[in-house]
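Q: So that we are looking at the same thing, I have put the structure below in structure tokens.
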Amino acid sequence: MLRSIVLLVALCALGCGKKSKDTGPTSRPPVQPPPPQDSGADKAPGSIRPGEENGEGRGYPNRLLAQWWRVVRDDVTVSVLASDSADPGHLSLMAVVRNRNKDKPLQLTGWSKPQQITLKDEKGKRYPLVPIPDDVEQAMRKANVPTDDAAYGPGPVTPELKRFILLKFDRAALAAEYLDLDLDGAPVGFADPILFRVSREMMTQPKKP
């Protein structure tokens, strides 16, 4: 009888030990801290990644890498490219707006007011929008009448006609490691702003829209 009790206790001990081993705590991956506020880090995997042209995202609340990625909401797309404008005195960017809806034209009003645009570098320094003189605007409109499915300045945007807006900033912005560009969403009918990051490489490699 005593021998049976000893055997039973031994079996219980072995069973309990095995169960404890199987259900012990498992190792967990280290917790990654969140990116700092206004860092421009996009939570969607790959949203800020050079080398993949024509990527699409909402551009809010997370940023998209300008030139490689475009903001898409419903039928409207917004891209930001480096301008090939021969103006060494400024940083020139081009906002390009497209509309995929053939039944609903978009009336682009543009970004001409300083409060509609914020551009700041990695240190938080802001660079205000440089107004384009009216005579220059008129000359650009005449030189860029709707041809080859593109037109300059505010106006209707349809699947057959995209529009581009020139944005100019002080040349000092070219010394930044990167620039965060915030555009008001209202000029293209968005309720939320449009957030892009302008890389150092983009500042030195203009690209036509």
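Q: Residue by residue through the range 57-84, note down the ones that are modelled with pLDDT under 90 and exposed (fewer than 15 other Cβ atoms within 10 Å of the Cβ).
A: Scanning the range 57-84 gives a single hit, ASP84.
Q: Then there is this: Residue check, VAL130 against (1) more than 19 Å from the chain's Cα centre (by Cα); (2) exposed (fewer than 15 other Cβ atoms within 10 Å of the Cβ); (3) at pLDDT 85 or above; (4) farther than 20 Å from ASP75 by Cα, all met but one. Which one?
A: So VAL130 meets the others, but not (2).
Q: Among (1) surrounded by 11 or more Cβ atoms within 10 Å (Cβ to Cβ); (2) closer than 21 Å to SER199 by Cα, there is one condition THR109 misses while meeting the rest; what is its number?
A: (2)
Q: Could you list all residues from the range 84-106 that are touching a strand residue (DSSP E or B) at 6+ places or on another chain (Cβ under 6 Å), within 15 Å of ALA150 (Cα to Cα) and not hydrophobic (A, V, I, L, M, F, W, C)?
A: ARG98, ASN99, PRO105 - these are the residues of the range 84-106 that are touching a strand residue (DSSP E or B) at 6+ places or on another chain (Cβ under 6 Å), within 15 Å of ALA150 (Cα to Cα) and not hydrophobic (A, V, I, L, M, F, W, C).
Q: Only one of (1) within 13 Å of VAL80 (Cα to Cα); (2) part of a helix (DSSP H, G or I) is not met by ASP180, so which one is it?
A: Exception for ASP180: condition (2).
The values are calculated or read from the model by the stated rules, or taken from the named source; none is laboratory data. Since we're looking at a predicted model, the values are computed, not measured. Note: ideal-geometry Cβ built from the backbone for every residue, glycine included; neighbour counts use all protein chains shown.
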